[in-house]
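Notes to accompany the following structure.
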């Protein structure tokens, strides 16, 4: 295995950037200071100005201004009673006395808890009074825990002894202790859950499970700019996932964990190690630009770029370096909220046109009273899903047919190898395929391993038979481990959480691994009652070695060994023999002597790549609270990384000279936000809230690429200075983007019934011409909670929502002014030239207009829930390159033209089928259908080619869904393919501009089931895609080469398919003769130019339905009850789990591969060329909390 560059040297270079270093050091110091800080005392002097508000709101105001928390039974306190209270710097006792004057309420202060009870001595209107019981009772200590239906502890649940003032709250682990007699009733309440009354039986500890009450719960979600809002007030669609839902199974890319869980979000992963993942929300809106969602972590927009080359994305060859969102650590995630429509993301500006994934990370807020240490450890092992690997034939060996020998009718070359004067049988060494002779153990043949020194069969013939080691034996057992530790805690004024995670993955390819280290810090500090400071920092170091090559299989930029296996292999060659040949000789000994296909082990051990990325992202925020309804917040955020990619070919590579290249990428984005936030009840029923703010964004992206020229002087020395010839000038790229924005949100809420949001954002972009560099986009959204007007026992909640939004999108960097490039010099003469695409100094911003309506309902005490969305989005003034006359010196030019429409429906259902008891069952279903259509292109054009991939093109075609696949098609007669009556092959078009498929699926869905029985919980996810198409270049060429099992066996006559037509071989293809009659002409299948391969079949023959049904995730966990050894070790909780991913492809139509497998993220989808098989993973997870 080759050595990687020192990560410490790389880190040293990265830390030259002062800002990330200072930010990280500041947060570390702040965390240490806060760890030292103990609980502080809050002053009890309160100033209030409340008039005609409900008692419930008055209690909330006191809680917000002090460190006290009220405990009470909802049905005992007149929460809706209107009160007026004016105090100025008065003690808490004085405030409470004034507040409860003339009310049947008494209170008791215990520490920071204020227990409220109905007064037994309060006189009623009739003048009667109720005397309290005075008989003494025997008290005992009762302990227990309070959990939700999922077994998670509830922090801060109220425990009251009914009829007394005795009470307490649960701690961080949901535990409590209270004084109560046997037979007493404990009243247990928690916001968002139904109040439970439980009798004290004398058995301790007690276990109390509370049932959710969504009708009572005002769910709060994190929206744009990190603003927390009640979900019922939102006029647009969002869908939230808990952190545990993205942590069930280990993954090298957190984006993959969203698959099948959110309606309208299409996740297109691939099988490459550390590979990139597509995240498209509600369809593609840009013809040629970025269609990926924006990722935001704790208010910080983070880059999700893809630095794969254009060659890699088009299938020519290269490595998939993944997308940058893979740096986000799943173990740090508290929740993910997906904002789907333009109205939801309007405040982020143009960068969130495609939706946003809002990630909130864990903090120490829940561990103020008791610091916690949480350790997670998991290990999984994988194996190949054989349904995604070809069923190879092992009946025939290498060759193109009976075309060799002196007579041109033999399967073998005839040569006198041993010098005895007799002609010997020799395999055709340059045949890329297996239409050779049928295996016969009695036949002795000089094969590839007869011709290299060191072979045990050197200059010896061997039996002509199938190899003992098969191609699937090339793959290794992938092992993935994840280990993390997190420490969280704090005091009255401060919180902190510090975590470290180590992710390590051994790939299925030899000499491949991926390692990632994540360090995160999250901290907050209340400087005064009004001033608070918070911040977070994340440091990520990713090292990869031996990523698999993708796309083509030959040439200086390729050597994809999987492509060679799927498309060209000699089936008489065993993979273990090639392994021995490489390790015994150290040479590129391959079975295609004189060809351009390499020994697979030479490729992975000599032509390997490595990359390393060091990244910091985080923010520091300062908030000042003017009043209880007005505050100002300033935030500085940073996302920066350095990325190095090194690729190499050693001397001795077939068809290529030795080569070394390196690419250095440096990225930095800084965001400066200033926000004035307000939230005030103008009257008791009318609330006005919102934000006025400004955002300054500065983005810097630079890269430099350099490579050797003409080969390497010394083999195995990978350095630019080892170039055989003078290296070409490095290719340098610099992109600078500046956007200054002003935005505002005004939200009106009336009586928890009607809500109206108005937003507007004004941006100035540096990538647009000065006269068109500013643009404004508004949105309006509303929601109507109609369930508040309907008193029906079956209806728990109902809301209708409606919104309209416009979002602008600026041009890519460097699109205005033409620049020169510098190709390789001609001798000593420097050369300069223009780019192929002419820039345009008159560009306008793209515009997206969106309309959405939705309905949210919950039934039967919230046991069943539904969320329905209907939307339509039109994106116009697209910035696209259009073809122009090459006489101009350019082949294309950027213009504003074209319009794409997306419309669709999304449904999310959830149900508590069996909500309580020892056995519980919950289910979630989501379904989404998006229909896209290209409405127009430039000046009446009907097609825009987005790119070519593996022989077909991906296009935007007017009147068609986005992403048409074009290539050669059948010639049809009444909808049936026509068969050539001479060859028996399909007739095909002479042009390749025929629509033969589309990359867009018809619909997607996901089904999640969760079962719980006592300490056990089982969950599994079914992920579904219907429709969409994929072109298989692997099958196209593999059919030509005779590699697959369907090319052997018997035909309808009972004869071997590979017999000549004269000997009854061949097959009859389904179709019609030119006169419309059924085809009866047999086509030959005894050579590589057969009718089912790439040489004769139309490309439409290799278009497959990309539908699938997958068992995506399975997790079985057991939460241990409290045991003696746990008490001794101070273990608060212990959980052991069995986890699995990609365990079963229940249904698919594409043979020999996973329909999701592809080349890269981006717009060029729908093609397969040398894809890796899917890996099934199964392992264990252990979680311990101290």
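Between a first residue in region 181-206 that is closer than 10 Å to residue 157 by Cβ and a second residue that is at pLDDT 80 or above and surrounded by fewer than 16 Cβ atoms within 10 Å (Cβ to Cβ), which pairs have beta carbons less than 8 Å apart while being 6 or more apart in sequence or on different chains? Hits for this filter: 188/197. Applying the set (1) closer than 26 Å to residue 762 by Cβ; (2) surrounded by 24 or more Cβ atoms within 10 Å (Cβ to Cβ); (3) touching a helix residue (DSSP H, G or I) at 6+ places or on another chain (Cβ under 6 Å) to residue 348 leaves exactly one unmet item: (2). Any residue in region 619-634 that is surrounded by 23 or more Cβ atoms within 10 Å (Cβ to Cβ) and in contact with a helix residue (DSSP H, G or I) (Cβ under 8 Å, 6 or more places away or on another chain)? Within region 619-634, none of the residues are surrounded by 23 or more Cβ atoms within 10 Å (Cβ to Cβ) and in contact with a helix residue (DSSP H, G or I) (Cβ under 8 Å, 6 or more places away or on another chain).
Residues in region 880-894 that are closer than 21 Å to residue 960 by Cβ and within 34 Å of the chain's Cα centre (by Cα): 880, 881, 882. Taking residue 1153, is it at pLDDT 90 or above, buried (at least 19 other Cβ atoms within 10 Å of the Cβ) and within 17 Å of residue 1025 (Cβ to Cβ)? Here the answer is yes, as residue 1153 does meet what is asked. I'd like to check something: does region 388-395 contain any residue that is part of a strand (DSSP E or B), closer than 30 Å to residue 1048 by Cβ and in contact (Cβ under 8 Å) with a residue 40 or more places away in the chain? Within region 388-395 (the criterion being part of a strand (DSSP E or B), closer than 30 Å to residue 1048 by Cβ and in contact (Cβ under 8 Å) with a residue 40 or more places away in the chain), the answer is yes, since at least one residue qualifies. Testing residue 763 on (1) surrounded by fewer than 20 Cβ atoms within 10 Å (Cβ to Cβ); (2) closer than 21 Å to residue 878 by Cα, one condition comes back false. Which one is that? The one condition residue 763 does not meet is (1). Based on what the data block shows, is residue 189 at pLDDT 70 or above, touching a strand residue (DSSP E or B) at 6+ places or on another chain (Cβ under 8 Å) and loosely packed, with under 14 Cβ neighbours inside 10 Å? Taking the combined requirement at face value, the residue does not satisfy it. Here 511, 515 are screened, and the one residue that is surrounded by 16 or more Cβ atoms within 10 Å (Cβ to Cβ) and either out of contact with any strand residue (DSSP E or B) (no Cβ under 8 Å at 6 or more places or on another chain) or free of Cβ contacts under 8 Å to residues at least 60 places away in the same chain (or both) is 515.
For region 786-818, a residue qualifies if it is part of a loop (DSSP other than H, G, I, E, B) and touching a helix residue (DSSP H, G or I) at 6+ places or on another chain (Cβ under 6 Å), and exactly one does: 810. Residues that are in contact with a strand residue (DSSP E or B) (Cβ under 8 Å, 6 or more places away or on another chain), more than 23 Å from residue 251 (Cβ to Cβ) and in a loop (DSSP other than H, G, I, E, B) within region 461-491 comprise 461, 465, 470, listed in sequence order. Give the residue that is surrounded by the most Cβ atoms within 10 Å (Cβ to Cβ), with candidates limited to residues of region 579-597 that are at pLDDT 90 or above and touching a helix residue (DSSP H, G or I) at 6+ places or on another chain (Cβ under 6 Å). Only one residue tops the list, namely 589. Of the residues making up region 1061-1082, those that are touching a residue at least 40 places away in the same chain (Cβ under 8 Å) and assigned to a loop (DSSP other than H, G, I, E, B) are 1066, 1069, 1070, 1071, 1073, 1074, 1076, 1079, 1081. Please verify whether residue 596 is out of contact with any strand residue (DSSP E or B) (no Cβ under 8 Å at 6 or more places or on another chain), more than 30 Å from residue 57 (Cα to Cα) and assigned to a loop (DSSP other than H, G, I, E, B), treating the condition exactly as stated. Here the answer is yes, as residue 596 does meet what is asked. If you go through region 776-789 and pick out every residue that is modelled with pLDDT under 90 and within 19 Å of residue 341 (Cβ to Cβ), you end up with 2.
The criterion of at least 3 residues that are touching a strand residue (DSSP E or B) at 6+ places or on another chain (Cβ under 8 Å) and under 30 Å from residue 375 (Cβ atoms) is met, among strands (runs of 3 or more DSSP E) falling completely within region 1083-1186, by 1108-1119, 1133-1148, 1175-1185.
Kindly indicate whether any position in region 531-544 is out of contact with any strand residue (DSSP E or B) (no Cβ under 6 Å at 6 or more places or on another chain) and surrounded by fewer than 19 Cβ atoms within 10 Å (Cβ to Cβ). No, because not a single residue in region 531-544 is out of contact with any strand residue (DSSP E or B) (no Cβ under 6 Å at 6 or more places or on another chain) and surrounded by fewer than 19 Cβ atoms within 10 Å (Cβ to Cβ). Of all residues in region 463-475, those that are surrounded by 18 or more Cβ atoms within 10 Å (Cβ to Cβ) and farther than 30 Å from residue 1176 by Cα total 1.
Table: residues versus (1) part of a strand (DSSP E or B); (2) closer than 27 Å to residue 1177 by Cβ; (3) modelled with pLDDT of 90 or more.
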position	(1), (2), (3)
273	no, yes, yes
280	yes, yes, yes
283	no, no, yes
286	no, no, no
289	no, no, no
292	no, yes, no
295	yes, yes, yes
301	yes, no, no
312	no, yes, no
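Tell me which residues, restricted to region 225-257, are closer than 27 Å to residue 326 by Cβ, more than 14 Å from the chain's Cα centre (by Cα) and in a helix (DSSP H, G or I). Of everything in region 225-257, those that are closer than 27 Å to residue 326 by Cβ, more than 14 Å from the chain's Cα centre (by Cα) and in a helix (DSSP H, G or I) turn out to be 225, 226, 244.
Counting only strands (runs of 3 or more DSSP E) that fall entirely inside region 657-713 and contain at least 2 residues that are over 30 Å from residue 742 (Cα atoms), in contact (Cβ under 8 Å) with a residue 40 or more places away in the chain and touching a helix residue (DSSP H, G or I) at 6+ places or on another chain (Cβ under 8 Å), the qualifying elements are 659-681, 686-707.
Note on region 38-133: enclosed strands (runs of 3 or more DSSP E) holding 3 or more residues that are modelled with pLDDT under 80 and within 23 Å of residue 164 (Cα to Cα) are 105-110, 113-118.
Kindly indicate whether any position in region 495-502 is modelled with pLDDT under 95 and assigned to a loop (DSSP other than H, G, I, E, B). No, region 495-502 contains no residue that is modelled with pLDDT under 95 and assigned to a loop (DSSP other than H, G, I, E, B).
The values are calculated or read from the model by the stated rules, or taken from the named source; none is laboratory data. Remember, it's a predicted structure, so these values are computed and weren't measured experimentally. Please note: Cβ atoms are built from the backbone with ideal geometry, for glycine as well, and neighbour counts cover all protein chains shown.
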